[in-house]
Amino acid sequence: MDNKKRTSITTLAEEQSAGPTWKRRAIAFYQRHRWPLIALLLVLAGLIIFLVLPSRKKSTAEAEEPLLVSVRVAKAERDSIVAEVTALGTIFARKEATVSSKIAGQIKTMALLKNKPVHEGEVIATLENRDVQSQRAEAASAVEEARTNLRNVTGGTIPQTAAQDEKALRDASANLANARAVYERRLKLYEQGGISKKDLDASELARTTAENDLRLADATARLHAATMSPNDRRVSEAKLKQAEDRLAALDTQLSYATIRAPFTGVITEQFQFQGEFASAGGKLFTIGDTSEMIVKAPIADTAAAGLKAGDSAKVLPQDLSGEEVVGIISLVSKASDPQNRTVEIWVNLKNEGGRLRANGAAKVVVATQSATNVIVVPVGAVTLDASTENSGTVMVVDANSVAHETKVTVGIRAKDKMEITSGLKGGETVVIEGNYALPDETKVEIAADEKEGDQSGEDKSGNKEEKDKSGDKQ
């Protein structure tokens with residue numbers, strides 16, 4: 001029993017002494033290597049101080065250096081400038097007409113016409129017209145009957161009176177001829193002294209009486225002809241006029257059965273075909289003269305104020321990529337669209353080869369303002385006070401690469417450049433990239449590609465000068 005107690009007490013003591021063994025070992029290791037550890041810590045601290053202190057000095061030095069901004073520049077030069085306005089328009093044929101039928105009838109002949117070229121007056125279609133032809137034949141017979149009736153009325157009424165009038169005219173004419181002959185013979189005898197003055201006067205009186213009798217006979221015959229059955233004559237004349245008018249109307253209606261091309265062009269649309277029934281006023285086909293086209297485009301009313309008929313314009317058809325056609329403005333509308341404030345313009349252009357299609361889309365580019373020998377800068381060089389203002393600023397770089405803010409006034413604005421009317425004299429170097437919010441008097445650095453471009457330009461100019469000099473020596 002006592003042995004067991006002794007064994008348990010020894011085991012417990014060993015367990016208690018085994019717990020802090022690692023602490024004793026650490027303390028023993030520190031005591032043996034204390035000075036090497038302290039030296040190592042001092043070396044690490046010195047190394048950290050050596051690395052951190054120069055970087056702090058460098059950042060302080062950089063903070064004290066001035067800010068250097070990389071920019072792209074260009075020269076303010078004298079050049080010409082054109083302000084252009086672009087609008088999307090629609091292409092139309094110069095002449096276009098939709099032909100309709102004036103009468104109703106079945107289409108007797110009409111081929112497939114779309115895209116077919118035709119000439120003015122060419123027969124395009126015919127309508128069934130046998131009923132109209134029969135009516136015309138009947139009207140022609142009525143006209144002939146009315147004419148015959150009129151001749152019978154005017155020439156066949158009271159034939160005895162007409163014969164008596166004719167006889168009276170012939171007798172009066174013979175008596176007048178005889179009286180004139182007697183007077184002329186007696187006038188010769190009187191001049192020779194063969195007869196008296198009394199005999200001459202008697203022959204002159206007979207001649208005058210014969211002339212009066214002839215006038216009376218002629219007037220009587222005309223009076224009889226005018227007063228001969230006046231009612232019957234008027235009725236016959238009216239019937240003839242009525243028959244002739246009906247015949248003319250049927251001839252006109254018969255001509256409507258033949259449909260002809262109103263002008264030379266191309267059939268662009270066909271609405272009806274052979275065998276169908278055409279109603280009066282119904283559309284048959286559309287024809288257009290595509291030898292010359294018109295592009296109709298809406299232009300802002302502020303830009304249209306500088307346009308007039310006869311100005312040139314560039315047309316870029318949307319279905320012909322990369323092709324440009326030059327046309328002439330033929331119309332600038334006098335009215336403005338109140339909803340979108342635009343003015344319609346017409347641009348005429350030749351359609352060589354028929355490449356332009358009717359109802360196609362095309363961009364119209366017109367020049368509204370232009371100037372020559374003016375100072376221009378790239379668009380990116382100008383910072384406007386407002387998009388609608390003509391005043392702004394540019395950053396001018398001096399010989400020391402310092403950017404100075406300069407107030408300028410803008411004139412004509414093109415797509416890639418602007419006219420400077422005041423503020424620059426020409427030849428200045430202006431910032432075109434990197435000038436946004438760039439402070440005044442900022443040190444700038446020209447981009448590397450700009451320098452290379454300038455250097456290559458100088459090399460080329462130098463080579464050219466050397467070649468010129470060598471040529472001069474030779």
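The values are calculated or read from the model by the stated rules, or taken from the named source; none is laboratory data. Keep in mind that what you see is a predicted model, and the values were worked out from it rather than measured. So basically every Cβ, Gly included, is an ideal-geometry build from the backbone, and we count neighbours across all protein chains shown.
Observations
- Of the criteria (1) of a type in the set (D, E, K, R); (2) part of a strand (DSSP E or B); (3) over 30 Å from Q339 (Cβ atoms), which one R222 fails: (2)
- Residues in the stretch 238-295 that are of a type in the set (V, I, T) and surrounded by fewer than 16 Cβ atoms within 10 Å (Cβ to Cβ): T252, T258, T264.
- Residues in the stretch 415-442 that are under 16 Å from I375 (Cβ atoms) and touching an Asp or Glu at 6+ places or on another chain (Cβ under 7 Å): G426 alone.
- Test: residue in the stretch 88-103 that is modelled with pLDDT under 90 and loosely packed, with under 12 Cβ neighbours inside 10 Å: no
- Test: residue in the stretch 198-207 that is over 30 Å from R151 (Cβ atoms), outside any helix (DSSP H, G or I) and assigned by TED's automatic domain parsing to the domain that holds L150: no
- The set of residues from the stretch 166-210 being over 29 Å from T220 (Cβ atoms), small (G, A, S) and crowded, with 16+ Cβ neighbours inside 10 Å is empty.
- Qualifying position, being under 12 Å from the mean Cα position of the chain (by Cα) and not polar (S, T, N, Q), among V379, V366, V394: V366
- Meets criteria (touching a helix residue (DSSP H, G or I) at 6+ places or on another chain (Cβ under 8 Å), modelled with pLDDT of 85 or more and either part of a strand (DSSP E or B) or small (G, A, S) (or both)) for V143: no
- Selection of the stretch 373-395 for residues being without any contact (Cβ under 8 Å) to a residue 24 or more places away in the chain and touching an Asp or Glu at 6+ places or on another chain (Cβ under 6 Å) yields S391, G392, T393.
- Flag for V85 being modelled with pLDDT of 85 or more, touching a helix residue (DSSP H, G or I) at 6+ places or on another chain (Cβ under 6 Å) and part of a strand (DSSP E or B): yes
- Yes/no for N463 being at pLDDT below 85, surrounded by 10 or more Cβ atoms within 10 Å (Cβ to Cβ) and assigned to a loop (DSSP other than H, G, I, E, B): no
- Qualifying residue in the stretch 274-283 (condition: among the polar types (S, T, N, Q) and in a helix (DSSP H, G or I)): no
- Qualifying residue in the stretch 155-171 (condition: of a type in the set (V, I, T), in a helix (DSSP H, G or I) and at pLDDT 85 or above): no
- Options T409, T368, T342, T383; residue that is within 24 Å of E441 (Cβ to Cβ), among the hydroxyl-bearing types (S, T, Y) and buried (at least 16 other Cβ atoms within 10 Å of the Cβ): T383
- Scanning the stretch 324-333 turns up one or more residues that are under 30 Å from S291 (Cα atoms), modelled with pLDDT of 90 or more, touching a strand residue (DSSP E or B) at 6+ places or on another chain (Cβ under 9 Å) and not in a strand (DSSP E or B).
- Any hit, the stretch 60-82, residues being within 30 Å of E352 (Cα to Cα) and modelled with pLDDT of 85 or more: yes
- Restricting attention to the stretch 364-387 and to residues that are assigned to a strand (DSSP E or B) and among the small types (G, A, S), the residue that is farthest from K314 (Cα to Cα) turns out to be A371.
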